[in-house]
Amino acid sequence: MTSSDSSAITPKTVAEHGLSSTEFERIKEILGRAPNLVELGIFSVMWSEHCSYKSSRRHLAKFPTKAPWVVQGPGENAGVVDIGDGQVVVFKMESHNHPSYIEPYQGAATGVGGIMRDIFTMGARPVAVLDALRFGEPRHPKTRHLISGVVAGIGGYGNCVGVPTVGGECTFHASFNGNILVNAMCVGIAHADKVFYARAAGVGNPVVYVGAKTGRDGIHGATMASAEFTDETEAKRPTVQVGDPFTEKLLIEACLELMARDCIVAIQDMGAAGLTSSSFEMAASGGTGIEMDLDQVPLRETGMTAYEIMLSESQERMLIVLKAGHEDEARAIFEKWELDFATVGHVTDTGRMVLRMGGEVVADLPVAPVSGASPVYDRPTLPSPKLLPIMGVTGAPPMDVREAALKLLGSPDIASKRWLYEQYDHLVRGDTVQRPGGDAAVVRVDGSKKGLALTTDCTPRYCEADPFQGGMQAVAEAWRNLIAVGARPLAITNCLNFGNPERPRIMGQLVACIEGMAEACRVLDFPVVSGNVSLYNETDGRPIQPTPNVGGVGLIDDLARMTGLALPGEGFVILMVGE
Amino acid sequence: MRVKVAIGLRPGVLDPEAVAIERSLKGLGFPDVANVKRQKIIELDVGAPDREAALTAARAMCEKLLANPVIESYTIDIA
Amino acid sequence: MRVKVAIGLRPGVLDPEAVAIERSLKGLGFPDVANVKRQKIIELDVGAPDREAALTAARAMCEKLLANPVIESYTIDIA
Amino acid sequence: MRAAIITFPGSNREVDLARALEAATGHRPLSVWHKESELPDLDLIALPGGFSYGDYLRCGAVAARSPIMTEIARQAGRGVAVIGICNGFQILTEAGLLPGVLMRNKGLAFLCKPVTLEVATRQSVFTSGYEAGQEVVFPVAHHDGNYTIDAEGQKRLEDEDRVAFRYKGELNGSVGRIAGILSTGRNVLGLMPHPEDATEPLQGSIDGKPLFASLAAALG
Ligand SMILES: Nc1ncnc2c1ncn2[C@@H]1O[C@H](COP(=O)(O)OP(=O)(O)O)[C@@H](O)[C@H]1O
């Protein structure tokens, strides 16, 4: 069977691609015929929960996303917020939970790499990374291995790229024993008039591929077993992606150098589902078509099929639409930085994605329905059972105050995380003015007296007890951490980590958390500008605690007025405010 | 007994270090260099009474610590 | 021709990674592990017409880049 | 003072270093790409921190074979001041401009934190602005800062007063707690800690300022 043959698509192949039979019928309706394997693979990734948000989309719409200072809300690679003086801050948070459980070092490292690409794709120089981590019980046999791998991976990637990792969270609970959470947030700064979007335009403009070569990384397990693979050893190829922070660093410098010229129409990183999602998203948001010749794609391995090329998740790659006639200028920059550069196609006005390989058309799909007409589900919800409040203890305290304080300070969630953040270069670039260890990190805006305050927050325990209140609390805590350093809170990003949404109780948690967050955002005038959803976080039917991580960004207009948590000396008055 | 474990990346796994070495050698006047592959060797005394026991111990060490089975494969040699 | 270069630390140079491996293995239930040594193997095609030329090329590559003579020594094998 | 910062693929503290040099001298240093093979007349050549070539093979090994390094060796031979910080120090040892080598930290983990150092000699253009024995705080941020040299080499460094900075306490396994050394001509300095990130009150320490001020005073 060849890639372009559709006769061998069986119900089993469809199921292995994670598509339901209803979804498959819908595909046939859209195409007016059965898809071939390449096309089926493309649908499967574009319609996956990860890319299409099919379970969460209708609820995400509840978030307030606008404010006078918001330049770009959800929908692009990252959110964009005005910070005055012709500058904007660009930020987003993303999960890499599953890969980090399988291969902690590479999983966490490539998570950091991916979120950085979302930021510099928009023309911003990444200036800070934060990481929100959730592990199982400290005594669980896998925890030590997972935590040391994840921390080394985040450090290994961020340190090498030269972006300081300035804050985050790290807590422990048994519900994460078999499903850890690794969420990374990246923050960048750009010129307001130099923000780039992923909208392919201009018929005939070249589509170029830059960065690292494409290999067979990360092509998802299920498809490995599909009809096209016969060789046993091939089927056993690892499906984890391996990151190369060195290439990422070169890619940042090369992209920013190119962005300083006037040659880019659109740019998109190849994240999950690589070449597929980047090309479809650029064509869809531009309302255009694209034709690509897969023979031009730089490959790391021989004998790769169209299916593999389109689904590879090899890291450190970008797709760019250039203004016609600027190819040589762009090529020179990428060659200087020792990166691959290849013209792989051009923009068309057909509204179709046409892929050729070996002179044959291997896929021909209408762009709009593949990216826009994915199913949207309104899954049933069940409210969480109300937990009994813990009653205040009456009578004599069970232990003396000193002992209790020491016990609290020694608990894994509260204990100092210095051993962890000392492994992260949190100082590179020389602008870190509040380091990890305080309420929010503060990074100076290079060459100014302004600072960005950054924090990540969530208390999964609260969200489990009362999802609505827990969602509100996460937003409120981020807000408080920002004002505690003297910042004006601007906006948040988030990463919603939940169990299987097909179970009404989990879906109920997701919806209530979103509604709680939305309520707090509205009241505080603290809009959501970007985010990410990670569902199906469970093992053997045991879900994680609901964890809607919030990444907050605030602005300090004058760093001279920043506050910290160190007591400045003797004789000061200590006040307690609030309820 | 002395055991020698050789650990390499599984086929298809990106090895950026090998790429950097190859490119650097080319730049240093060896234009024909190709197919650079890296391996790590770990040699150690395992304190086992015989070959069989040494092999079992070495295999367990690889699974538990020395190799990362997700991306690496290994071979064991007994001196 | 395919060449295999093995690079190890000179005797007397303390290898913190080997020390850590030994300690971890002991902690994982292999108390008798001793004398852990690490080596790096770099295999590559050198594009030389014969053994002699391959050896000369490989030696030059070691001197120029692959090994650091301050702490490392190397051996060359030709397949 | 005419200064140049050499950047390699993977350098990442060139921004910090340029800012510190500019603050001390009033001039923006020249930025030179590693593929260049000639340098103009200079008073100072600076190699910044980072992960040149991803730290692949050995830290600094690939960068040390860049075209620019031949020229830097030539200028150093003529007495031009050269400073290598962190990865820059690793490159200078790999290039043979400084003795010894930087191995993996004893604890094997990357270490980023402020550390207290002792200025071990003030006999150089880099350290003349400090008191001998003065304690200073610079941050470190490295994975491979474990300075290693044989006993004979170490003795020579000590006898010739070429240890420039020493960690106050044990940090990463370095012999003699060495944090920075000078060349025989005393015009090449390599050090692991980052004085360039300790030049403003907001950075938590200004103990790095005298280093750049010493250079500005000595080199004009
Ligand atoms: N995963 C992490 N990465 C970087 N810094 C971290 C991480 N976990 C905790 N920290 C830092 O340790 C400090 C304490 O963390 P945490 O206990 O979560 O603070 P809080 O309860 O005040 O929000 C914070 O400054 C935080 O930035």
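Between C:Arg2 and C:Asp77, the modelled label-to-label distance comes to 1.1 nm, taking each label 7 Å out from Cα in the direction of the beta carbon.
Residues whose amide H comes within less than 5 Å of that of A:Asp340, counting only those at least five positions distant or on another chain, are A:Gly211 (H built at 1.01 Å from N in the peptide plane). A simple spin-label model places the labels of A:Leu406 and A:Val376 5.8 nm from each other, with each point 7 Å out along Cα-to-Cβ.
Using protein heavy atoms only (no ligands, DNA or RNA), what is the total accessible area buried between B and C, 1.4 Å probe, nearest 100 Å²? Show your work: numbers first, answer last.
Numbers: alone 5710 and 5710 Å², together 9060 Å².
For B against C, buried area totals roughly 2400 Å².
Can you count the Lys pairs in segment D:3-219 whose Cα atoms are under 22 Å apart, with each pair 8 or more apart or on different chains? Counting lysine pairs in segment D:3-219 gives 6. Is the shape of chain D best called rounded, prolate or oblate, per the rule: a/c under 1.5 gives rounded, else a/b larger than b/c gives prolate, else oblate, with a ≥ b ≥ c the square roots of the Cα gyration tensor eigenvalues? Here chain D falls in the rounded category.
For segment A:344-417, the set of trypsin sites (Lys or Arg not before Pro) satisfying both a DSSP loop assignment and a count of at most 15 other C-beta atoms within 10 Å is given as A:Lys386.
Each residue of segment D:51-67 was assigned a 3J(HN,Hα) from its phi angle through the Karplus curve 6.51 cos²θ - 1.76 cosθ + 1.60 (θ = phi - 60°); the sequence is 10, 4, 6, x, 6, 5, 6, 9, 4, x, 5, 6, 4, 5, 9, 5, x Hz, with glycine and proline shown as x. Could you pull out every one of the aspartates and glutamates with an alpha carbon less than 16 Å from that of A:Lys194, ignoring same-chain neighbours closer than 8 positions? List returned: A:Glu76, A:Asp82, A:Asp85, A:Asp118, A:Glu253, A:Glu257, A:Asp262. Of C:Ala34, C:Ala18, C:Ala53, the residue with the greatest mean-square motion in the GNM of chain C, using alpha carbon springs below 10 Å, is C:Ala34.
Quick one: dipole size for segment A:267-363, taken about the Cα centre, charges +1 on Lys/Arg Cβ and -1 on Asp/Glu Cβ, in debye to the nearest 20.
The dipole magnitude comes to about 200 debye.
Only the Cβ atoms of Lys and Arg (+1) and of Asp and Glu (-1) were treated as charged; on that basis the dipole of the protein assembly as shown about its Cα centre amounts to roughly 1160 debye. If you take the accessible area of C alone, add that of D alone, and subtract the area of the pair, what total do you get in Å², probe 1.4 Å, to the nearest 100? That pair of chains buries around 1100 Å² in total.
Using Cα pairs under 8 angstrom and six or more residues apart, how large is the relative contact order of chain A, in percent? Show your work: numbers first, answer last.
Details: 1358 pairs, mean separation 108.9, N = 579.
This gives 19 percent for chain A.
When the charge dipole of the protein assembly as shown is built from unit charges on Cβ atoms (+1 for Lys and Arg, -1 for Asp and Glu) and taken about the Cα centre, the candidate among A:Asn532, A:Gly471, C:Ala58 whose Cα reaches farthest toward its positive end is A:Gly471. Atom-type composition of the exposed protein surface of the protein assembly as shown places 53 percent of the accessible area on carbon and sulfur (1.4 angstrom probe). Burial annotation for segment A:393-434: residues with an accessible-area loss of at least 10 Å² between the isolated chain and the complete set of protein chains, computed on heavy atoms with a 1.4 Å probe, are A:Glu422, A:Gln423, A:Asp425, A:His426, A:Leu427, A:Val428, A:Arg429, A:Gly430, A:Thr432, A:Val433.
When a/c reaches 1.5 or more, the comparison of a/b and b/c decides; with that in mind, is the protein assembly as shown rounded, prolate or oblate per its Cα gyration tensor?
Since a/c stays below 1.5, the shape of the protein assembly as shown is classed as rounded.
Derived scalar couplings between HN and Hα for segment D:162-179 equal 9, 7, 8, 9, 10, 5, 5, x, 5, 10, 9, x, 3, 5, x, 6, 6, 10 Hz in order, rounded to whole Hz, by the Karplus curve 6.51 cos²θ - 1.76 cosθ + 1.60 (θ = phi - 60°), x for Gly and Pro. The contact residues of segment C:42-76, meaning those that lose at least 30 Å² of 1.4 Å-probe accessible area when all protein chains sit together rather than their chain alone, are C:Ile42, C:Glu43, C:Leu44, C:Asp45, C:Met61, C:Lys64, C:Leu65, C:Leu66, C:Asn68, C:Val70, C:Ile71.
Dipole check for chain B: with +1 at the C-beta of Lys and Arg, -1 at the C-beta of Asp and Glu, and the Cα centre as origin, the magnitude is about 140 Debye. Normalised per residue, the accessible area of the protein assembly as shown is 39 Å², obtained with a 1.4 Å probe and no contribution from ligands, DNA or RNA. Across segment D:106-180, the mean sequence separation of Cα contacts (distance under 8 Å, 6 or more residues apart), normalised by length, yields a relative contact order of 36 percent.
Can you bin segment B:2-78 into rounded, prolate or oblate? Criterion: square roots of the alpha carbon gyration tensor eigenvalues sorted a ≥ b ≥ c, rounded for a/c under 1.5, prolate for a/b above b/c, oblate for the rest.
On the way: a/c = 3.98, a/b = 2.36, b/c = 1.69.
The shape class here is prolate.
Chain B and chain A together bury an accessible surface of about 1100 square angstrom, both sides counted, with a 1.4 Å probe and no ligands or nucleic acids included.
The values are calculated or read from the model by the stated rules, or taken from the named source; none is laboratory data. For clarity, every value in this text was computed on a predicted model and none was experimentally measured. Note that each Cβ is placed from the backbone with ideal geometry, even for glycine, and that neighbours are counted across all protein chains shown. SASA here: full protein model, heavy atoms, side chains in, ligands and nucleic acids out. Shrake-Rupley method; radii C 1.70, N 1.55, O 1.52, S 1.80 Å.
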